[in-house]
Amino acid sequence: MIPIVQIWSGIEIRALREAKRMSIRAFAAHLGVSERMVSKWEAGGEGIHPRPVNQAALDSSLSASSSDVQARFSSLITTPGMQTSGEATDVMSPGSETPLPIGQHQVRHPIDGKLMTLIDAGVHLHGPTDEPVYLPAFYSDVFPTTNADYARFVAATEHRRPQHWGGAGGPSDEIFDHPVVFVTWSDASAYAEWTAKALPTGEQWEKVARGVRGDVYPWGNQLTPAKCNVREAGINKTTPVSRYHSGASPYGVYDMCGNVWEWLSTGSGQDRYELKGSAFTSPFVRATPSTFNDASIDMMDDDTGFRCVTPAETMRALLKMAT
């Protein structure tokens, strides 16, 4: 069972670094931050809490760790002397989470195990004209659906395997944590149905990407192509979904710009649906979350994937049944 930290402080950060047996320099490089920042976090103990984007990066690091590392982390976090006070740090199991401030109120979905974050009910600015739109509360996947996620779906349902996996087995280790591609809208919808989730509407997806203020990009209004995997990056292929920490949205959600286009549930014509987010094949100018794109229901390519959402009420019911 993967431990989940409710709110990361310097205590848990030090425990994770030691569990991974990394130096401060290596751990900082692993998270994409400076050595000075890691040292500051650890020195601050329980009194310091990193920004939401770094909280999400730490979540990703822990969830992607081996079972041995996770076991060491759980042991360290309960070791006397690790805390700076007599209170135990709150490490939670899937299904026991409670709502927290933006960037922290995250849960593990009880069916596919993906990390999801709560998007509060309220008005946000939508589209190129920043039209005010109200949405009820819902949860969004923090990361796009990966090849590893999709492999569990294929194993459980015998659904068609994506062509880039090759052979008769699952995806290769080097793309396990990359977004799944070569999926049609119907493939994405089948995965969503299997998990009791749904593909996001255009309005839902854009709120997750732009926040309530309607920033131009997930990270703000700055033209910063280096914060996402687009054509200008020169990578020319998908990247791990947790790579671009500094490009996360106000809700701590990754890859809302670049890496892969994402299928939506919003129709755009007969047998056509919207896509959002741009991809590694796209120029940065196409990465603006308000940009319109669509495709035929049976289109599949090496730069197209998806993520899922679920209403807050549905998530509460699922978590209740899982406990």
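The values are calculated or read from the model by the stated rules, or taken from the named source; none is laboratory data. Since this is a predicted model, take the numbers as computed values, not measurements. Cβ sites come from the backbone with ideal geometry, for glycine too, and all protein chains shown count toward neighbours. SASA here: full protein model, heavy atoms, side chains in, ligands and nucleic acids out. Shrake-Rupley method; radii C 1.70, N 1.55, O 1.52, S 1.80 Å.
Summary table below
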item	result
Checking HIS105 against (1) open to solvent by 10 Å² or more (accessible area, probe 1.4 Å); (2) free of Cβ contacts under 8 Å to residues at least 24 places away in the same chain, the condition it does not meet	(1)
Pair list, Cβ under 6 Å, 6 or more apart: segment 158-185 residue in a loop (DSSP other than H, G, I, E, B), other residue among the aliphatic types (A, V, I, L, M) and open to solvent by 70 Å² or more (accessible area, probe 1.4 Å)	PHE182/MET300; VAL183/MET300; THR184/MET300
Single residue of GLY220, GLY169, GLY202, GLY211 found to be open to solvent by 20 Å² or more (accessible area, probe 1.4 Å), of a type outside the set (D, E, K, R) and over 21 Å from HIS109 (Cα atoms)	GLY169
Those residues of segment 257-268 which are open to solvent by 10 Å² or more (accessible area, probe 1.4 Å) and of a type in the set (Gly, Ala, Ser), in sequence order	SER265, GLY267, SER268
Count of segment 132-162 residues which are more than 19 Å from the chain's Cα centre (by Cα) and surrounded by 15 or more Cβ atoms within 10 Å (Cβ to Cβ)	6
Filter pass, SER65 being modelled with pLDDT under 85, small (Gly, Ala, Ser) and crowded, with 17+ Cβ neighbours inside 10 Å	yes
Criterion: open to solvent by 10 Å² or more (accessible area, probe 1.4 Å), touching a residue at least 40 places away in the same chain (Cβ under 8 Å) and among the basic types (Lys, Arg) - qualifying residue of LYS320, LYS237	LYS237
Qualifying residues in segment 110-131 (those that are charged (D, E, K, R) and crowded, with 20+ Cβ neighbours inside 10 Å) - the one farthest from MET321 (Cα to Cα)	LYS114
Qualifying residue in segment 244-252 (condition: in contact with an Asp or Glu (Cβ under 6 Å, 6 or more places away or on another chain), open to solvent by 10 Å² or more (accessible area, probe 1.4 Å) and over 24 Å from ALA137 (Cα atoms))	no
Those residues of segment 269-316 which are part of a helix (DSSP H, G or I) and open to solvent by less than 50 Å² (accessible area, probe 1.4 Å), in sequence order	PHE284, ALA312, MET315
Complete set of residues in segment 219-238 that are in a loop (DSSP other than H, G, I, E, B), under 25 Å from PHE182 (Cα atoms) and either of a type in the set (S, T, N, Q) or touching a Gly at 6+ places or on another chain (Cβ under 8 Å) (or both)	CYS228, VAL230, ASN236, THR238
Leading residue by the ranking (modelled with the lowest pLDDT) among those in segment 98-143 that are among the polar types (S, T, N, Q) and either farther than 17 Å from ALA196 by Cα or not in a strand (DSSP E or B) (or both)	THR98
Filter result for the condition that a residue is out of contact with any Leu (no Cβ under 7 Å at 6 or more places or on another chain), crowded, with 20+ Cβ neighbours inside 10 Å and of a type outside the set (A, V, I, L, M, F, W, C), over ARG36, ARG17	ARG17
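Residue by residue, here is whether (1) assigned to a helix (DSSP H, G or I); (2) within 25 Å of SER67 (Cα to Cα); (3) among the β-branched types (Val, Ile, Thr) holds:
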{"residue": "TRP8", "(1), (2), (3)": "no, yes, no"}
{"residue": "VAL33", "(1), (2), (3)": "no, yes, yes"}
{"residue": "LYS40", "(1), (2), (3)": "yes, no, no"}
{"residue": "ASN54", "(1), (2), (3)": "yes, yes, no"}
{"residue": "ALA57", "(1), (2), (3)": "yes, yes, no"}
